[in-house]
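Have a look at the structure below before the remarks.
The values are calculated or read from the model by the stated rules, or taken from the named source; none is laboratory data. Model, not experiment: these values are computed from the prediction. Note: ideal-geometry Cβ built from the backbone for every residue, glycine included; neighbour counts use all protein chains shown. Please note that ligands, DNA and RNA were not included when accessible areas were found on the heavy atoms of the full protein model with its side chains. Shrake-Rupley method; radii C 1.70, N 1.55, O 1.52, S 1.80 Å.
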Amino acid sequence: MGSHAYKICEYDCWFQAWGTPDISPSLAGMLSNLRIEEKGEIIERAAAELRRGLARGFGISAGSKARDQETLVGTIEHLNTALGLSLPSQKPEGFVLQVTDTRIIVAGQDPRGALYGVYRLLFLLRLGKITAGTHIAEAPATSYRIINHWDNLDGTVERGYAGKSLFYQDNRIKYDPRRIEDYARLLASIGINRISINNANVRGAAKGLITEAYLPEVAKLASIFRPFGIRLILSINFASPCVLGDLAAADPLDPAVASWWKEQTDLIYRAIPDLAGFMVKADSEFEPGPFQYGRTHAEGANMLAAALRPHNGEVFWRCFVYNCAQDWRDHSVDRAKAAYDHFMPLDGGFDENVILQIKFGPYDFQVREPVSPLFGALLKTRHIMELQITQEYTGHQIDLCYLPWLWEDIMSFDTARGPASRVRELMGRSIEGLAGVGNVGLDQNWTGHPLAQANLYGYGRLAWDPGLSSEVIAHEWSVLTFGDTEVAETIKKILLASYPIYEKYNAPFGICFMVNPGIHYGPSPEGYEFSKWGTYHRADRRSIGIDRTPAGTGYTEQYAPQKAAVFRDPACCPENLILFFHRLPYDYRMKNGETLLQNIYNTHFEGYDEVKAMIDTWMGLKGNLDEGIYASVLSRMERQLENAGEWRDVINTYFRRKTGIPDAKGRVISG
Ligand code: GCV
């Protein structure tokens, strides 16, 4: 096995000191002579990023002596006018990357495009994909490539597993500006262009973030992200006119409320003129919203949209709206139907600067749930898809779970509404982008689990190009992080195996929510069964699952007819989702000829064994990998094994007790 060529620095993520093995003298010659004549915050940042990347990454120090070899960076318009080039125009934020025998040109459609082109040049250099003759024209498929922080002003991070908040401490905005700049670099390098900096649950001091008490500090943060092409979003509390102002109610149709928001929004934009807008979690999990006043979500969102419109701001209105005070005895309510039921009737009723933010599935970032039926169905309302990069239900960044594997599956989902109706084909058309709940914190390596950096990297790459496979992303990330070595190849394989392994020892076949309530780590088969949250499986001694066909809750009918027909029929329904859609007896025959129960036993035994095998593979890397990373991953994998063992034993025992049926293969399941 080859050894790594350089000392890996976890903090640097996918920007390592790569060295120059793959760079020919002629490329090095061109790269050491940069010509960047354009002025402007982002273009100048692009120039600085190229200089920095070349120096730190490849040891090439770029001077600016005129020679017959050079690298040009600028906007297409500038380069065409100033240098008489005839570069073709690209889509917004796109770029052209051209390499001849004497010249490298990185030309952006706009300054952001040039910045993205610079990062692509650096990464492609490392991936060994730049040669004389390279000609790349690229633009992001989507306009909205957002990271959502669920950071609280006291410094905690809701569902954060990588240390405290990057932005806050003790109800103050407090951060290390160098670190924020490094974060902005990481994000811009994968194409992120917007970031919300506070929790969707706007509680406590965070309610005041939009007031003069905090705005000057928010503005300073915005100015660190700005040169990287990243605009801030603020999460707001719908009841602000009452909480911050002196109004008795926050009724969106009350002119006094609308004018309160207008004034407050004007004030906010005086501090941050390029704020991207507000994110709103309304009428959800105890957050206030328009329902309190008998108003619709369109009425609520449009009122805020009116205040934002003069500033080119937008409302990111979340569709995570459901009854979180359900009676578990009541079988007539199905939480899975909530988002579609609430928002589909409002299609066409939202203003142009309202963007609905829809979780990828109908529940809540479960390990396996179907894609929300709103995608493909909403035709007259702007919307984006929300993913979770932080591993709330996928192992808390203790267990290894490479999320692009799941996201590739989501992108492949065919909504069956018209031609080219796969999610990846809708991206950049009806689905205008992605919002991902971030996975970083103050941990030195950003993500807690060193390999969870791949999830952040993968998220950005997929928002940029939804057609990328999880394998390509894993390859890029592994090589950029670990070098082009056998170590990187092994780590790539470990990543690609990790999601199916996690899924095997988790809640079986799309049943969802068998986690410990509240914390959402570790098994508790009935943890949510008799609670108000609306996520039940109703296992008894014969059967398990909710019938979501027309004979049951009718959720299947929210999909296009062709899709509904697939989900309706257990014989056609994808087996990894079969318990999401159907109530089945334990002796139901799965495609492999074994019963549902036996499949549950099998997958849980296998999941545990596969974690063990993964640890063996990891241990095979000892000596060939940075000792610190090796040890920190190994210690997490050992905790993962414990977790997988807990899942295996709790789930298998639960079903063994319910059914009285032993494992057909005679393996030990506790009594
Ligand atoms: C920000 C889930 C999480 C909550 C989160 C919520 C949301 O319910 O458990 O922590 O709150 O989703 O997306 O708003």
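For the reader, a short list of remarks on this structure follows.
- Legend: residue pairs K164/K622; K174/K492; K220/K281; K591/K612; K492/K532, Cα-Cα distance threshold 32 Å; pairs beyond threshold, K174/K492; K492/K532.
- Each of Y536, Y402, V423 was placed along the dipole of the stretch 392-547 (beta-carbon charges, centred on the mean Cα), and the one lying farthest toward the positive end is Y536.
- Cα→Cβ-extended label distance, 7 Å offset, between D609 and D246, nm: 7.2 nm
- Using θ = phi - 60° and Karplus 6.51 cos²θ - 1.76 cosθ + 1.60, couplings along the stretch 137-153 (whole Hz; Gly, Pro as x): 10, 9, 8, x, 5, 10, 8, 10, 10, 10, 10, 9, 9, 9, 8, 9, 5
- Straight-distance candidates among the lysines for linking to K91, with alpha-carbon spacing under 28 Å and chain neighbours fewer than 8 residues away dropped: K39, K129, K359, K380.
- Accessible surface, the stretch 561-653, averaged per residue in Å² (probe 1.4 Å): 41 Å²
- Put a plus charge on the Cβ of each Lys and Arg, a minus charge on the Cβ of each Asp and Glu, and nothing anywhere else: the dipole of the stretch 144-473 about its Cα centre is then about 620 debye.
- For the pair E158 and N624, a Förster radius of 35 Å applied to the C-beta separation gives a FRET efficiency near 0.40, rounded to the nearest 0.05.
- Residue order by solvent-accessible surface for Y588, Y536 is Y588, Y536, largest first, with ligands and nucleic acids left out and a 1.4 Å probe.
- Sorted largest first by accessible area at a 1.4 angstrom probe radius, with every protein chain in place, the residues H520, H311 fall in the order H311, H520.
- Sparse packing (at most 13 other Cβ atoms within 10 Å of the Cβ) combined with a DSSP loop state is found for the following trypsin sites (Lys or Arg not before Pro) in the stretch 40-125: K65, R67.
- Of I104, M385, F365, farthest towards positive along the dipole that unit charges on Lys, Arg, Asp, Glu beta carbons give the chain: I104
- What the Cβ-Cβ distance of Q444 and T81 gives, at R0 = 35 Å and to the nearest 0.05, is a FRET efficiency of 0.15.
- If you plug the beta carbon distance of N516 and K591 into 1/(1 + (r/R0)^6) with R0 = 45 Å, you get a FRET efficiency near 0.90.
- The distance linking the stretch 250-290 with the stretch 354-369 is 23 Å (Cα centroid to Cα centroid, whole angstrom).
- Taking amide H positions as modeled 1.01 Å from N, with prolines and chain starts lacking one, no residue 5 or more places away or on another chain lies under 5 Å from I398.
- Compared with the direct C-alpha span, the chain from R67 to S259 gains 63.1 nm at full extension, assuming 0.36 nm per residue.
- Distance between the stretch 399-419 and the stretch 1-60 - C-alpha centres, whole angstrom: 33 Å
- Percent breakdown of C-alpha pair distances by 10 Å bin, ordered from the shortest bin, for the stretch 11-138: 14, 49, 32, 4, 0
- From phi via Karplus (6.51, -1.76, 1.60), per-residue ³J(HN,Hα) for the stretch 574-585 in Hz, x at Gly/Pro: x, 5, 5, 10, 4, 7, 6, 9, 10, 9, 10, x
- Cα gyration tensor category, rounded, prolate or oblate, for the chain with a/c compared to 1.5: oblate
- In this Cβ point-charge picture (+1 for Lys and Arg, -1 for Asp and Glu), the stretch 11-138 has a dipole of about 260 debye about its Cα centre.
- The GluC sites (Glu not before Pro) found in the stretch 175-272 that occupy coil by DSSP, while having at most 12 further C-beta atoms within 10 Å, are E212.
- Rounded to the nearest 20 debye, the dipole size of the stretch 548-621 about its Cα centre is 380 debye, using +1 on the Cβ of Lys and Arg and -1 on the Cβ of Asp and Glu.
- The trypsin sites (Lys or Arg not before Pro) of the stretch 551-600 that DSSP puts in a loop, and whose beta carbon has at most 14 other beta carbons within 10 Å, are K591.
- The antiparallel fraction among DSSP beta bridges confined to the stretch 144-473 stands at about 10%.
- Linear extension gain, V472 paired with C572, 0.36 nm per residue minus alpha-carbon span: 33.0 nm
- Computed over the chain, the per-residue total of -39500 (n - 2.57) for DSSP H runs of n ≥ 4 gives a 222 nm mean residue ellipticity of -11000 deg cm²/dmol, rounded to 500.
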